[in-house]
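The values are calculated or read from the model by the stated rules, or taken from the named source; none is laboratory data. This structure is a prediction, so every number in the text was calculated from the model and none was measured. For the accessible areas, the whole protein counts, side chains as well, though only heavy atoms, and no ligand, DNA or RNA atoms are used. Shrake-Rupley method; radii C 1.70, N 1.55, O 1.52, S 1.80 Å.
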Amino acid sequence: MSLTKEEHKTTEKTLASGVGFWLFFMFVTIMYVYATVVSVGNVTGVLEIAQALESGLSAMGILWAGFSVLMPVIVFVIAVLLGIGRSYLKRSLLMFLGLTLVSIWYINLLHFVHVSHVIEF
């Protein structure tokens, strides 16, 4: 069975959009992994600073640190689950929205959480 020219073009468009989505998905997934690895590094660095100052993390510091490590993973899973059954464009937008939320969280965390609230002196 051969395809008509119109069916062939539709198949090519679908295949092209699918490949583009998966390339975008891999890129965004790498960004989520990077955000998680950086947050683990930040927690490790804060713990080392606290030990060098002969102090420890406060309860609020532990809460912020733990949430900052888990947030990219949680947002990624939610974005993937919400994208099931949707078009490639909607899936891509959900993934990008989640990455934007993670980025906004880290910017706010850097600017609004002062070191004195995290390390007990």
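Once you sort the root eigenvalues of the Cα gyration tensor of segment 26-104 as a ≥ b ≥ c, which label holds: rounded (a/c under 1.5), prolate (a/b larger than b/c) or oblate (the other case)?
On the way: a/c = 4.28, a/b = 2.87, b/c = 1.49.
Cα axes put segment 26-104 in the prolate bin.
Heavy atoms of the protein only, probe of 1.4 Å, neighbouring chains included. What is the accessible area of R91 in Å², nearest 10?
About 70 Å², rounded to the nearest 10.
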